[in-house]
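Undergrad: Before I ask anything, let me first share the structure, which is written out below as structure tokens.
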Amino acid sequence: MFRKSHFNIRKFIYDAFDKDMAKVVFEKVGIWDCTTCSACLNKCPKGVDTVGFVTGLRQLMVEDGRIPPPIRDALKSVSIHKNPWKIGAEERSKWAEGLEIKNISEGADILYFVGCTPAYDARLQKVARAIVGIMNKAGVDFGILGNEEGCCGSEIRRMGDPWTFEYLAKENIETFKKYNIRKVVTTSPHCFNTFKNEYEGADFEVQHYTELIAGLIEEGRLAFSREINKTVTYHDPCFLGKQNKIFDPPRKILASIPGVKLVEMDRARERSLCCEGGGGRMWIESEDSEDRLAKIRVGEAMCVQAQILATACPFCLLTLEDVVKTEELEESIEVLDIAELVIKAL
Amino acid sequence: MESEEIKIGVYVCHCGINIGSTVDVEQVRDSVSELPNVSISRDFKYMCSDPGQALIRKDIEERGLNRVVVAACSPRMHEPTFRKTIQQAGLNPYCVEIANIREQCSWVHEDKADATDKAVKLVCSAVAKASLLEPLEEKEVEIAPRALVIGAGIAGIQASLDIADAGFQVYLVEREPSIGGHMAQLDKTFPTLDCSACIMTPKMVEVERHPNIELLTYSKVIEVGGYIGNFNVKVKKKPRYINMDRCTGCGLCAEACRLKGRITSEFDVGMGKRSASYIPFPYAVPSKYTIDAEHCLFLTKGKCGKSPACKDACTADAVEFEQKEEIVELDIGTIVVATGFDLFDATEKPEYGYGLYDNVLSGLEFERLVSSSGPTQGKIAIGGKDPKDVVFVQCVGSRDKSVGNEYCSRVCCMYTAKQAYLIHEKLPDARLTIFYIDIRAFGKGFEEFYDRVREEGVRYIRGNVSEIIKKGDRLLVMAEDTLLGEPIDVEADLVVLATGIVPRADVRELMNLLKISQSPDGFLLEAHPKLRPVDTASDGIYIAGCCQGPKDIPDTVAQAKGAASSAMTKMSQGKVKVEAIIASVDPFICRGCGRCVEACEYGAPELQEAEPGILVSEVNDSLCKGCGACAVACPCRAISMKHFKNEQIFSQIEAVI
């Protein structure tokens, strides 16, 4: 009941020892099921780079050109539009219309790196606008790259295309240099993680927006004026929690919102359950027909009587909200980004 | 020394094929035969063998050699051997120089011509130094016939008893109020199922009654100075606030204590409660109470009702709140370190839910739960009910890079098997499952016991548990059965984690105190992993038990006996030779700046007032280890190292370039 995929990393590794790699990759099922959440990597007592192995196998498939069409399209889209969502680069900053956000070329303390999904997805645009609203309220001096912003490459790398990732990383680093950017704040834990841990030669500071907001609250730069009288639970995104050990800032924010009753699910912090949105999984369905992990997760949130399931990741937000819609749970539980809760209470 | 003619014999070893297959030994022998002062050069299959050594001795006698160069393996291996060889032939043992043409040449090179060339240079260098070697005298110091044993677990207890039985005085220092250590906490011991307390208590009582053992409980070694034979040790005795002579161990004070049942019992690892006035366990030694200053109302707040209840209750008038800590100074000949281990903190593996779920226990917590002297008198009840399903998880904090412990803790496989057996005995209907990575049943009787446990119906599943989560009021243990390659979920009422052994949290403090080191795993480092397993790099200090690495009780006892024997050997000799290769200060060059004092790890150099207002450094020969740190630190080059003098080293360098 708690396992979704028949994907077994050890089987792949054992076969790879003495068999033709291509055969291993193309004959086995499940290679696209992995969300690269790193739960196994963190637990492995022998320090095996399981996630590196999965992305390495996917790389072989990309090299060979034998990849599922949705993955192929996402990779292609990044090369053409600098985002995996197949929408033109010229539409990237449409979400910010009417918000009068400074372009980073005018100079600012912080670059707000919006990310592909918050820039293009109608649901996530609300989150981006909330973050902007919060920063404005606190008087943060920030700017955005506008249409010049390009994909961070995190998901691209995990779909097995390190070449495009390297190209994107190089281009982003150059752009950041051009505008003398010292500090970057991201919407997505995925952009955050790749900037922080995977960009070679990067010399800028990077923060997830929850870290920034928690800091603003602590410094007394944000005053809440409204109460949210709801029971809220927080779902730790893997790329923020498990992979970067950022557990407390999101909780501190929620705890400081007047009226919020913060409850924890059984699986919290390091023990959090993946929503299944990472590692390219936003673009491809599992080959398995079991329940989605997001469905299990929403169930866990309802188990602790949460009225709001809060998270801090674009992918988590979409996967969890999908379940609430498909299961018609809108009456019982609402999925919101932490930024949306904060802006509501300001 | 008087200016006699230097006559050097050079002996090049083949070391079988270790050197011979990569280095042209004959060529080396011939290339050095014409060097200044060399009167003979020979090669031999094994120089360290009896005939090899006899060859050297014969040449010394017949040819009047007064310096010897041996080109062979590392001086760490056979320098002591060849020192003895030439000493037997009447030479000063420091008149031999070793050229390491094995570890530093044949083992690390492949090209024979190049390796031979390098070997020649190494031997030339050794010959150059040999010409300048000076005989050195080894001083002797007396060894005080008294041993300090730090830690009174089974290792410290055994070492103390052995040393004391041999007639030497022993000071046994234990930081807890009672001796016994971890072994006293265990219920039964694998694989024989002896009751731990039953085999432990007689030894504990013997320690208390032994005329040659002075027990210093609730005490801590705070300073160790001096050197082998003459350690000056300071021990801090914490106040017990109970007069040890008057206390009868009746327990009226604990009964009366206003905090009764409110303080977590350390001995029961949090499974039970105690008073502020307490005895850790019923068969504690000494069987005297202690008032815990951290919790006692009177000691922390200055007030306990109208008057302290314990004082009122005590019929022997033993409660003494005015007690102060005491420093005891000891002159010690040898030291045995037996400080034991800490249990791995399972909260570092959050996937197991330890600390989150009450029914996930550490291995030691389970020992207390199942023990008849434990908080439940041995009844295994979870939420008031007998557990129906119990799951054990092996290798928690051992063999696990994710928590930085790569080593195997060596006891968990067997203690888990034993614990499963104990549950089976008490609750025959309980379903028992053990998740493991590998089973290591290596000791005497271990494999047989493992088989017996499986025959009793305990289910072993190969696979590391990935996650433990709540399922109603039970737990769901998830893993992969790696033999079948399939996921498996097991429901449980109780999960016992086979928590491993880790170095004590204060191991660094101990290392600084005794000037001993640790191995990469964090445990104390022995002088040689195979041949000197109980010695340390500091002469006169020996290690035993789990402070040196995880081990079970029989191995601990064996090592304790070994450490005791090493300490006794030194003390029986009564005297010990101290290092002859030491630093010496030229008082006319020394400007008394004191940098050598700062550089020395062993406190050997000290500034003395040579004339009024003029400070000069003096090195205590007995403390100096000859490491050379002071010589490097000295800005005036006033310090030289015997056997490694500047002119000796320069001559070696000149010979190779």
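Undergrad: Starting at the first residue of region B:329-337, write each ³J(HN,Hα) from the Karplus equation 6.51 cos²θ - 1.76 cosθ + 1.60 with θ = phi - 60°, in whole Hz, x for Gly and Pro.
TA: 9, 10, 9, 10, x, 9, 10, 10, 9
Undergrad: Let me ask something else. What relative contact order, as a whole-number percentage, does chain B give when Cα pairs under 8 Å and 6 or more residues apart are counted? Could the numbers behind the result be given before it?
TA: Details: 1410 pairs, mean separation 86.0, N = 657.
Relative contact order for chain B comes out at 13 percent.
Undergrad: Within a Cβ distance under 9 Å of B:Gly270, other residues only, what is the Lys/Arg minus Asp/Glu net charge?
TA: Numbers: positive: B:Arg368; negative: B:Glu266, B:Asp268, B:Glu365.
Overall, the nearby charge balance is -2.
Undergrad: I'd like the distance separating the alpha-carbon centroids of region B:1-80 and region B:347-376, in whole Å.
TA: That distance is 63 Å.
Undergrad: Work out the mean other chain Cβ neighbour count within 10 Å for the residues of B:473-479 and drop it here as an integer. Can you show the working numbers first?
TA: On the way: counts 0, 0, 0, 3, 0, 2, 0.
Average neighbour count from other chains, rounded to a whole number: 1.
Undergrad: While we're on this one: Using a Debye calculation, one point per C-alpha and no hydration shell, please list log10 I(q)/I(0) for region A:205-252 at q = 0.18, 0.27, 0.29 Å⁻¹ in order.
TA: Once normalised to I(0) and log-transformed, intensities are -0.67, -1.10, -1.14.
Undergrad: Okay, moving on. Please compare each pair in B:Lys203/B:Lys273; B:Lys220/B:Lys273; B:Lys418/B:Lys471; A:Lys11/A:Lys295; B:Lys7/B:Lys129; B:Lys238/B:Lys303 to a cut-off of 23 Å on the Cα-Cα distance and tell me which ones are over it.
TA: On the way: B:Lys203/B:Lys273 27 Å; B:Lys220/B:Lys273 25 Å; B:Lys418/B:Lys471 28 Å; A:Lys11/A:Lys295 27 Å; B:Lys7/B:Lys129 13 Å; B:Lys238/B:Lys303 21 Å.
Long pairs (Cα-Cα over 23 Å): B:Lys203/B:Lys273; B:Lys220/B:Lys273; B:Lys418/B:Lys471; A:Lys11/A:Lys295.
Undergrad: Which aspartates and glutamates have a Cα lying under 17 Å from the Cα of B:Lys301, excluding residues fewer than 8 positions away in the same chain?
TA: Output for B:Lys301: B:Asp292, B:Glu320, B:Glu322.
Undergrad: Additional query: If you count, for every residue in A:39-51, the Cβ atoms of partner chains within 10 Å of its Cβ, what is the mean? If you can, show how the numbers build up before the last one.
TA: On the way: counts 3, 1, 1, 4, 9, 4, 14, 7, 4, 1, 0, 0, 0.
Counting Cβ atoms of other protein chains within 10 Å of each residue's Cβ and averaging gives 4.
Undergrad: Please list, by residue number, everything in region B:85-122 whose backbone N is under 12 Å from a paramagnetic label point 7 Å out along Cα→Cβ of B:Glu5.
TA: Within reach of a label on B:Glu5: no residues.
Undergrad: Let me ask another. Anyone know which of A:Cys316, A:Cys303, A:Cys191 comes out most mobile in the 10 Å Cα GNM of chain A?
TA: Greatest mean-square fluctuation among the candidates belongs to A:Cys303.
Undergrad: Output ³J(HN,Hα) for region B:278-295: one whole-Hz value per residue in order, computed from phi by the Karplus curve 6.51 cos²θ - 1.76 cosθ + 1.60 with θ = phi - 60°, and x for Gly and Pro.
TA: Ordered by residue, 3J(HN,Hα) equals 8, 10, x, 7, x, 9, 4, 10, x, 7, 10, 7, 9, 9, 7, 5, 6, 10 Hz.
Undergrad: Mind listing the long-range amide H neighbours of A:Lys183? Cut-off is under 5 Å, sequence gap 5 or more, other chains count too, H placed in the peptide plane at 1.01 Å from N.
TA: Amide H neighbours of A:Lys183, under 5 Å, 5+ apart: A:Leu111, A:Glu205.
Undergrad: Then there's this: Using Cα-Cα distances under 8 Å and only pairs 6 or more residues apart, what relative contact order does chain A have, in percent? Walk me through the intermediate numbers first.
TA: Details: 571 pairs, mean separation 66.5, N = 346.
Averaging sequence separation for qualifying contacts and normalising by length gives 19 percent for chain A.
Undergrad: Just for the Cα atoms in the protein assembly as shown, what are the lengths along the principal axes, largest first, rounded to whole Å?
TA: 102, 84, 70
Undergrad: While we're looking at this one, here's another question. Projected onto the charge dipole of chain B (+1 at Lys/Arg Cβ, -1 at Asp/Glu Cβ, origin at the Cα centre), which of B:Val390, B:Cys124, B:Ala479 gives the Cα projection farthest towards the positive end?
TA: The residue sitting most towards the positive pole is B:Val390.
Undergrad: Could you size up the charge dipole of the protein assembly as shown around its Cα centre, putting +1 on the beta carbon of Lys and Arg and -1 on that of Asp and Glu, and report it in debye to the nearest 20?
TA: On the way: 123 positive and 147 negative charges, 306 e Å.
The dipole of the protein assembly as shown has a size of about 1460 debye.
Undergrad: Please list, in order along region A:216-226, the HN-Hα scalar couplings obtained from phi with the Karplus expression 6.51 cos²θ - 1.76 cosθ + 1.60 (θ = phi - 60°), rounded to whole Hz, x for Gly and Pro.
TA: 4, 5, 4, 6, x, 8, 10, 10, 7, 10, 10
Undergrad: Could I ask something else about it? List the residues whose amide H sits under 5 Å from the amide H of B:Gln169, counting only those 5 or more places along or on another chain, with H placed 1.01 Å from N in the peptide plane.
TA: B:Ala147
Undergrad: Report, in whole Å, the centroid distance computed from the Cα atoms of region A:76-126 and region A:205-247.
TA: So the two Cα centres are separated by 22 Å.
Undergrad: If you place +1 on the Cβ of every Lys and Arg, -1 on the Cβ of every Asp and Glu, and leave all else neutral, what size is the dipole of region B:493-533 about its Cα centre, to the nearest 20 Debye? Mind dumping the intermediate values first?
TA: Values: 5 positive and 5 negative charges, 64 e Å.
Charge dipole of region B:493-533: 300 debye, to the nearest 20.
Undergrad: If you don't mind, there's one more thing I want to ask. Sort the following peptides by mean Cβ neighbour count (other Cβ atoms within 10 Å, averaged over residues), highest first: B:146-155, B:167-176, A:8-17, B:200-209. Kindly include the intermediate steps, with their values, before the conclusion.
TA: Numbers: B:146-155: 29.3, B:167-176: 21.6, A:8-17: 15.2, B:200-209: 17.1.
The densest-packed peptide leads the list: B:146-155, B:167-176, B:200-209, A:8-17.
Undergrad: Please get the size of the charge dipole for region B:322-365, origin at its Cα centre, with Cβ charges of +1 on Lys and Arg and -1 on Asp and Glu, quoted in debye to the nearest 20.
TA: Numbers: 2 positive and 11 negative charges, 46 e Å.
I would put it at about 220 debye.
Undergrad: Oh, and also: For the pair B:Gln573/B:Asp317, report the inter-label distance in nm, with labels modelled 7 Å from Cα in the Cβ direction.
TA: Simple spin-label model gives 5.4 nm for this pair.
Undergrad: Something else about it: In whole Å, what are the extents of region B:342-502 along the principal axes defined by its C-alpha atoms, from largest to smallest?
TA: Dimensions of region B:342-502 along the principal axes of its Cα atoms: 38, 37, 35 Å.
Undergrad: Could you give P(r) for region B:583-641, binned at 5 Å from zero, as whole percent values over all Cα-Cα pairs?
TA: Whole-percent P(r) values from 0 Å outward: 4, 24, 36, 23, 10, 2, 0.
Undergrad: Another one. Expressed as a whole percent, how much of the Cα-Cα distance distribution for chain B exceeds 50 Å?
TA: On the way: 63101 of 215496 pairs.
Every Cα pair in chain B considered, those over 50 Å come to 29 percent.
Undergrad: Give the share of C-alpha pairs in each 5 angstrom bin for region B:8-132, from 0 to the last occupied bin, in whole percents, shortest bins first.
TA: 2, 13, 25, 27, 20, 10, 3, 1
Undergrad: Among DSSP bridges having both ends in chain B, what percentage is antiparallel? Round to the nearest 5.
TA: Values: 54 of 104 bridges.
Taking every DSSP beta bridge within chain B, about 50 percent pair in antiparallel fashion.
Undergrad: If Lys and Arg each add +1 and Asp and Glu each add -1, what is the summed charge of the other residues whose beta carbon sits under 12 Å from the beta carbon of B:Ala564?
TA: Working: positive: B:Lys561, B:Lys570; negative: B:Asp162, B:Asp165.
Summing Lys/Arg as +1 and Asp/Glu as -1 gives 0.
Undergrad: Something else about it: Scanning chain B for helices, which whole DSSP H stretches are 27 Å or more long along the axis (Cα) and average -0.5 or more by Kyte-Doolittle? Write out the running numbers ahead of the final one.
TA: Working: long enough: B:112-132 (30 Å, 0.41); B:553-573 (30 Å, -0.12).
Taking the DSSP H segments of chain B (at least 27 Å long, mean hydropathy at least -0.5), we get B:112-132, B:553-573.
Undergrad: Contour minus end-to-end for A:Cys40 and A:Asn103, with contour as 0.36 nm per residue of separation and end-to-end as the Cα-Cα distance? Display every interim value, and only then the final one.
TA: Values: separation 63, 0.36 × 63 = 22.68 nm, distance 4.09 nm.
Stretched fully, the A:Cys40-A:Asn103 segment lengthens by 18.6 nm.
Undergrad: Which lysines have a Cα lying under 17 Å from the Cα of A:Lys245, excluding residues fewer than 8 positions away in the same chain?
TA: Those lysines meeting the cut-off are A:Lys43, A:Lys196, B:Lys349.
Undergrad: Counting other beta carbons within 10 Å of each residue's own, what order do B:Phe82, B:Phe392, B:Phe446 fall into, fewest first? Let's see the in-between values first.
TA: On the way: B:Phe82 24, B:Phe392 29, B:Phe446 18.
Lowest to highest Cβ neighbour count: B:Phe446, B:Phe82, B:Phe392.
Undergrad: Turning to a different aspect of this structure: I want the local charge near A:Lys183. Using Cβ-Cβ distances under 10 Å, sum +1 for each Lys or Arg and -1 for each Asp or Glu among the other residues.
TA: On the way: positive: A:Arg182; negative: A:Asp109, A:Glu205.
Spelling it out: positives minus negatives among the neighbours equals -1.
Undergrad: Here is a further query. What is the average number of partner chain Cβ atoms found within 10 Å of a Cβ in B:480-493? Don't skip to the answer; put the middle values down first.
TA: On the way: counts 4, 0, 2, 0, 0, 5, 3, 5, 1, 3, 0, 0, 0, 0.
Averaged over the peptide's residues, the number is 2.
Undergrad: Continuing with this model, one more query. What lysines does B:Lys575 reach when the alpha-carbon gap must be under 24 Å and sequence neighbours fewer than 8 apart in one chain are set aside?
TA: B:Lys84, B:Lys139, B:Lys234, B:Lys515, B:Lys561, B:Lys625, B:Lys642
Undergrad: Same structure, new question: Using amide H atoms built in the peptide plane, which far-off residues or other-chain residues are under 5 Å from B:Leu361 H to H?
TA: Amide H neighbours of B:Leu361, under 5 Å, 5+ apart: B:Val495, B:Val496, B:Leu497.
Undergrad: Please work out the C-alpha center-to-center distance from region A:138-162 to region B:432-503 and express it in whole Å.
TA: About 45 Å separates the Cα centre of region A:138-162 from the one of region B:432-503.
Where a number appears in this text, it was derived from the coordinates with a stated rule and is not lab data. Quick caveat, the model's predicted, so the values are computed rather than measured. Note that we place each Cβ from the backbone using ideal geometry, even for glycine, and neighbour counts take in every protein chain shown.
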